[in-house]
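Below is one structure, written out as structure tokens; comments come after it.
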Amino acid sequence: MSAEAQVGLGDRLGRMRRSFRGWRGQRPFWGGLLTLLGGIPIMYFPYANLTLGTMTIRMATTAGAGSLIIGVLLVVLGLTMWFQPHSRVFAGVAAILLALVSLVVSNFGGFVIGFLLALIGGALSVSWAHAKPAGEPAGRKAKESGGPDGALGSPAVAGAGGVSGEQDDLSGTSPTNGTNGRHRAG
């Protein structure tokens, strides 16, 4: 290879790496990876054979089908965390529950390996939060979009007063009108 070809290859690998970093930063990547990896031993061990010399130990249990289902579901939940990050909380909670069920159903959760991987992956998915852009302060974005939830007229902006200084709170529960969340029967 010539020096120019190696430079072009390095640029392309660098772009691919930056692209992957951007993709990875927009989703709970590590939670999905650990959940996916946790499903593999849970579904593998009940169907595995261990050979010690001339003796074969079969680890098949009556719950082999249950282990297979739990393992496949954990793999699917790991992929869901990657490709549908908006459903990360559901996928994380489901992964934690399946990891707990695998302790009873699947050889102590794939000999505790799959249990721990799925439990940590589910917890990482539930706790993951989307990163804010580096150059933009958090307060400025909330005011421009209409509040932290993005809805115009949200209480965070409505209670602050409009341009003319009037109160936009029409609920009657503003601290300025004396009710402070209490309603009068009457």
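The values are calculated or read from the model by the stated rules, or taken from the named source; none is laboratory data. Fair warning: this is a prediction, and the values are worked out from it, not measured in the lab. With ligands, DNA and RNA removed, areas are computed over all heavy atoms of the protein, side chains included. Shrake-Rupley method; radii C 1.70, N 1.55, O 1.52, S 1.80 Å.
Pop out the carbon and sulfur fraction of the accessible area of the range 15-115 as a percent, whole number, probe 1.4 Å. Provide the component values of the computation, followed by the final result.
Details: 4210 of 5860 Å².
Of the solvent-accessible surface of the range 15-115, carbon and sulfur hold 72 percent.
Per residue of the range 32-41, what does 6.51 cos²θ - 1.76 cosθ + 1.60 with θ = phi - 60° give for ³J(HN,Hα)? Whole Hz please, x for Gly and Pro, Karplus curve as stated.
Values per residue, Gly and Pro as x: x, 5, 5, 5, 4, 5, x, x, 5, x Hz.
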